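Worksheet: the structure to be examined is printed underneath.
Coordinate-derived values only; no laboratory data. Keep in mind that this is a model prediction, so the values were computed, not measured. Because the Cβ atoms are built from the backbone with ideal geometry, glycine has one as well, and the counts that use them run over all protein chains shown.
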Ligand SMILES: Cc1cc2nc3c(=O)[nH]c(=O)nc-3n(C[C@H](O)[C@H](O)[C@H](O)COP(=O)(O)O)c2cc1C
């Protein structure tokens, strides 16, 4: 079964130790023990989203995930977490096999600290030059993630990144492609271009095993690709980190908030630091509110453009089987 797809995934599966080179990208609050173990048990590669967790919470999450699966899984750490090296130590205690460093350039010593306990390091790189530098300095694999993806994104589409990175890097390095993948046909296309595997988030976020609130899932099933929009920056003085999410009342309130703060800045009522802080803090806790509490109105409904292809709650194993069948059919064509 799936011979052509498996053959093209061979380097990816050897690297991950999984049956399929299909990662479920870490999604804060969503990618916890249940979804992660379900992905790995279905032959994919689950990744725990550490997000803002403390080392103690990460410790418990890894232990709980291990209790639910004997298959390999990874841990995603955000590089700007103030306790990054303590989190790496927790991964070391558990002999985690793969660590994904996300959210920025890995700080000095972090890649080495992970490799020191024998784990493999996956990194993101927004440019080809940085990708080459990270691979030279010890990173074991690369994830390229295009702007179609859900959550924090860069400005370039997956299709363009794939054309820029894969011809240069794929022969020698393990590269996973992420962003906007909703069907196996697309997996086949990136494998055919030289990718070792793929990473999906949105397609798995509302699987049966996902603990996301029923209201969060319902909003995904109803949404179309065009509803997953990027956050808008209103004033050049007030930087906004681009995030792709389903538009809701919170999106509008965020625009209003930026206008309000810009006016306060003009009037001299607040200084620049305070103004920027107010913008930065607007979405604090908002993803948790959406995923866990089901606040689809003012929470942050992070979703990629492939959300239009998510139409019903399905078990992870079924989604995985569909993706593999579609990829195989595409390669057979
Ligand atoms: C709800 C949500 C939360 C996410 N949180 C994180 C995160 O904490 N860390 C991270 O590296 N990526 C995060 N991502 C990105 C995913 O790991 C993955 O790369 C992305 O979803 C792939 O693109 P796709 O959504 O088009 O499949 C998140 C994505 C979503 C949809």
Exercise. For region 225-302, what class follows from the C-alpha gyration tensor (a ≥ b ≥ c being the square roots of its eigenvalues): rounded when a/c is under 1.5, otherwise prolate if a/b is larger than b/c, else oblate?
Worked result: prolate
Seminar exercise, completed: Simple spin-label estimate for residue 260/residue 230, 7 Å along Cα→Cβ, in nm, reads 2.6 nm
Problem set entry | Highest-fluctuation residue, 41, 248, 76 considered, GNM on the chain with Cα pairs under 10 Å | 248
Problem set entry | Pairwise centroid distance, computed over Cα atoms, of region 95-142 with region 191-217, Å | 23 Å
Seminar exercise, completed: Hull volume per residue for the chain, using the convex hull of the C-alpha atoms, in Å³ is 129 Å³
For this session: Return one number: the angle in degrees, 0 to 90 and rounded to the nearest 10, between the long axis of the Cα atoms of helix 84-93 and the longest principal axis of the Cα atoms of the chain.
Result: 30 degrees
Exercise. How far is helix 55-68 tilted, in degrees, relative to the longest principal axis of the Cα atoms in the chain, given as a value from 0 to 90 rounded to the nearest 10?
Worked result: 40 degrees
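Taking square-rooted eigenvalues a ≥ b ≥ c of the alpha carbon gyration tensor, is region 33-90 rounded, prolate or oblate, where a/c under 1.5 means rounded and, failing that, a/b exceeding b/c means prolate?
prolate
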Seminar exercise, completed: Taking a ≥ b ≥ c as the square roots of the eigenvalues of the Cα gyration tensor, with a/c under 1.5 meaning rounded and otherwise prolate when a/b exceeds b/c and oblate if not, region 141-247 is oblate
Problem set entry | Residue with peak Gaussian network fluctuation, the chain [Cα springs, cutoff 10 Å], from 296, 261, 307 | 261
Exercise. How long is the gain from residue 312 to residue 3 if the chain were fully straight, where each residue apart is worth 0.36 nm and the alpha carbon distance is subtracted?
Worked result: 108.4 nm
For this session: Mind pulling the angle between the C-alpha long axis of helix 272-281 and the longest principal axis of the chain? Nearest 10 degrees, somewhere in 0 to 90.
Result: 50 degrees
For this session: Among DSSP beta bridges lying fully in the chain, give the percent that are antiparallel, nearest 5.
Result: 15 percent
Exercise. Among 116, 223, 125, which one shows the biggest mean-square fluctuation in a GNM of the chain, springs joining Cα atoms closer than 10 Å?
Worked result: 116
Seminar exercise, completed: Check: C-alpha center region 16-60 vs C-alpha center region 226-278, spacing in Å is 32 Å
